Amino acid sequence: MSITTTFSEFTKRANYSLMDSLNADPQSTEDGDDHLTREVFSGHYVPVNPTPIPQPEYIAHSKRLFNELDLSEELVVDELFRRLFSGDITAAQAPMRPVGWATGYALSIYGTEYTNQCPFGTGNGYGDGRAISVFEGLFKGRRWEMQLKGGGPTPYCRGGDGRTVLRSSVREFLAQDYMNALGVPTSRSLTLYVSKSEMVRRPWYTKGSRSYEPNILLETPAAISTRVAPSFLRVGQIELFARRVRGQAHQAALKELQMIVKHLIIRNYNKEINPSLAFPDQVVKVAKLFRGRLVFLVANWIRIGYCQGNFNSDNCAAGGFTLDYGPFGFCELFDPRFQPWTGGGEHFAFFNQQVAAEANFHTFCSALRPLLIDNAEALKKLENIHDGFTEEMNRGMENMWTNKIGLSSYDAPLVHEMLKLMAHSKVDYTKFFRKLSNIPDNSSELKSTFYVPCSEEIDAKWCDWLERWRKQIIKGRAYKEISANMKSFNPKYTWREWLITPAYEKAEQGDYSLIKEIQNVLANPYEEQSIDIQKKYDRLKPKNFFGTGGVSHYSCSS
């Protein structure tokens with residue numbers, strides 16, 4: 001297929017499966033003029049137009065995704081393309097739809113249902129408050145949905161302005177690109193535009209603040225990033241329709257639950273689930289497939305040091321990839337309780353993510369049960385899949401640790417002792433495993449990854465551990481092969497918030513060069529890169545950034 005070089009060619013990719021196969025809210029308007037907070041009682045989506053940012057200026061795009069979609073990089077400066085992805089839906093041309101859409105979803109935290117975040121206390125006002133999809137189409141045989149983050153208010157906005165600030169937009173844009181380069185399932189970055197005239201106020205931190213919560217209201221440029229995924233269906237979205245069935249919200253509630261689950265299967269599991277299967281069999285199979293994807297996802301999060309920060313049902317993509325990039329962070333100084341978000345608590349901490357995943361899977365299975373109520377055999381299969389999550393998650397984690405430290409088979413005592421020593425030594429998570437990938441002879445080769453000097457007792461324990469580990473990894477294999485395999489699992493370059501912060505601070509002054517530099521570095525996280533890049537980006541976190549608001553921790557105000 002030829003490269004798409006013009007906006008007119010781009011529009012011909014349009015193919016709107018969601019709007020064609022699901023129900024619009026019957027109380028919505030056809031023209032998308034629906035921006036005030038209100039309850040949405042039924043339907044799968046609300047037609048709503050984004051609110052364009054004034055005087056949009058291009059900052060960056062994902063070269064990797066453009067290449068995958070066969071999009072010419074000339075498009076980022078195309079006037080109509082720029083207008084669409086900075087929120088101006090009037091740029092749409094047939095066969096595009098002249099309206100965007102937002103969706104509702106429910107919220108469960110660790111399997112407990114919540115409605116108090118909904119302004120009506122019912123759950124009917126909770127959903128995409130500032131995320132508006134504007135395009136769905138086929139590219140090289142694959143379906144992609146394109147969604148504006150910060151595209152203005154929707155009926156789900158809960159009284160907010162529907163905007164995102166430049167700071168959070170830069171973080172999300174870079175993080176999605178980085179996660180894809182790491183080989184972790186994720187939503188993707190397409191473009192990033194900033195307004196040259198619209199400012200929004202958000203709580204944040206003064207420079208160098210030691211405050212835990214934001215201590216200032218900061219004016220920051222409004223921005224719109226476009227994220228891309230096969231779909232943006234969430235566990236919380238399936239959950240919403242199951243709640244309506246259970247509460248007998250309306251006569252079509254069960255039908256709408258069936259429709260959204262069928263749509264999920266078509267959008268995210270069409271290659272793995274035969275459409276000729278009976279629907280109960282498809283439901284059972286999607287549960288098993290989602291379980292496998294969720295296990296793979298969380299094991300990869302732990303592998304690369306990523307902490308989601310707020311892994312609720314509404315932030316859990318039903319397609320099994322990383323979706324939300326609000327309160328996320330990457331672990332530098334190793335701590336199983338690492339949690340970058342001030343509102344997250346220990347239950348969403350780094351090493352608790354597998355427990356949060358199981359809670360989300362419980363919510364997902366519970367949402368599927370009404371579809372199998374008259375099929376005892378299928379219900380039993382679903383229960384077995386649900387009950388097998390812990391075992392499957394443990395197996396996924398064991399496989400991850402086996403590959404991460406170069407073992408031929410999992411050795412629980414060896415891994416557990418390593419993690420204890422890492423915590424005692426206050427190691428840098430990424431640097432430690434990269435150094436270990438060199439198959440060091442003694443502990444002195446690891447000490448450059450420690451944030452504090454280790455005692456003689458701990459040093460002796462490291463020497464003993466390394467000796468036992470080296471005996472385990474050899475097993476007839478060459479060091480060079482083991483090292484290369486380990487380096488393919490252990491990135492050289494990680495996300496370091498204190499290096500990202502200057503990028504969005506410079507961007508607020510109109511200088512986007514550091515964003516592009518970081519984008520290029522993180523595009524190749526497993527490669528050694530140049531000496532200059534190594535000196536700048538492969539460093540321990542400086543002491544002055546520990547405990548600093550907006551760097552070591554941050555609120556979700558974006």
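The values are calculated or read from the model by the stated rules, or taken from the named source; none is laboratory data. Small disclaimer: the values here were computed from a predicted structure and weren't measured. Counting neighbours? That spans all protein chains shown, and the Cβs are built from the backbone with ideal geometry, glycine included.
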Q | Hits in the range 326-349 (condition: free of Cβ contacts under 8 Å to residues at least 40 places away in the same chain, among the small types (Gly, Ala, Ser) and at negative phi) | A | 344
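Conditions (1) more than 30 Å from residue 303 (Cβ to Cβ); (2) assigned to a strand (DSSP E or B), marked per residue:
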residue: 117; (1), (2): yes, no
residue: 144; (1), (2): no, yes
residue: 147; (1), (2): no, yes
residue: 173; (1), (2): no, no
residue: 180; (1), (2): no, no
Q. Got at least one residue in the range 195-216 being of a type in the set (Ser, Thr, Tyr), within 23 Å of the chain's Cα centre (by Cα) and at pLDDT 95 or above?
A. no
Q: Go through the residues of the range 220-241 one by one and say whether even a single one is more than 30 Å from residue 84 (Cα to Cα) and not in a helix (DSSP H, G or I).
A: no
Q: Starting from the range 468-486, take each residue that is over 10 Å from residue 406 (Cβ atoms) and surrounded by fewer than 12 Cβ atoms within 10 Å (Cβ to Cβ) and list its partners that are of a type in the set (Ser, Thr, Tyr) and at pLDDT 95 or above, counting only C-beta distances under 7 angstrom and pairs at least six apart or across chains.
A: none
Q | the range 462-518 - residue that is of a type in the set (Val, Ile, Thr) and assigned to a helix (DSSP H, G or I) and, of those, farthest from the chain's Cα centre (by Cα) | A | 474
**Q.** Verdict on residue 151 being of a type in the set (Gly, Ala, Ser), in contact with a helix residue (DSSP H, G or I) (Cβ under 7 Å, 6 or more places away or on another chain), in a loop (DSSP other than H, G, I, E, B) and assigned by TED's automatic domain parsing to the domain that holds residue 14
**A.** no
Q: Could you run through the range 429-449 and say how many residues are closer than 19 Å to residue 333 by Cβ and in contact with a Lys or Arg (Cβ under 6 Å, 6 or more places away or on another chain)?
A: 3
Q. Could you say whether any residue in the range 100-112 is surrounded by fewer than 24 Cβ atoms within 10 Å (Cβ to Cβ) and closer than 25 Å to residue 218 by Cβ?
A. no
Q.
Could you check the range 436-457 and list, in sequence order, the residues that are surrounded by fewer than 16 Cβ atoms within 10 Å (Cβ to Cβ) and of a type in the set (Val, Ile, Thr)?
A. 452
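Yes/no matrix, rows are residues, columns are (1) of a type in the set (Lys, Arg); (2) farther than 20 Å from residue 404 by Cβ; (3) surrounded by fewer than 20 Cβ atoms within 10 Å (Cβ to Cβ):
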{"site": "272", "(1), (2), (3)": "no, yes, yes"}
{"site": "275", "(1), (2), (3)": "no, yes, yes"}
{"site": "279", "(1), (2), (3)": "no, yes, yes"}
{"site": "290", "(1), (2), (3)": "no, yes, no"}
{"site": "299", "(1), (2), (3)": "no, no, no"}
{"site": "304", "(1), (2), (3)": "no, no, no"}
{"site": "307", "(1), (2), (3)": "no, no, no"}
{"site": "312", "(1), (2), (3)": "no, yes, no"}
Q: Only residues that are surrounded by fewer than 24 Cβ atoms within 10 Å (Cβ to Cβ) and in a loop (DSSP other than H, G, I, E, B): list them for the range 182-191, please.
A: 183, 184, 185
Q: Could you check, for the range 46-53, whether at least one of its residues is surrounded by 18 or more Cβ atoms within 10 Å (Cβ to Cβ) and more than 21 Å from residue 127 (Cα to Cα)?
A: yes
Q. Between residues in the range 536-558 that are at positive phi and residues that are surrounded by fewer than 14 Cβ atoms within 10 Å (Cβ to Cβ), which pairs lie under 8 Å by C-beta distance while being six or more apart or on different chains?
A. 547/210
Q.
So, residue 138, is that one crowded, with 17+ Cβ neighbours inside 10 Å and either within 27 Å of residue 296 (Cα to Cα) or touching a Phe, Trp or Tyr at 6+ places or on another chain (Cβ under 7 Å) (or both) or not?
A. no
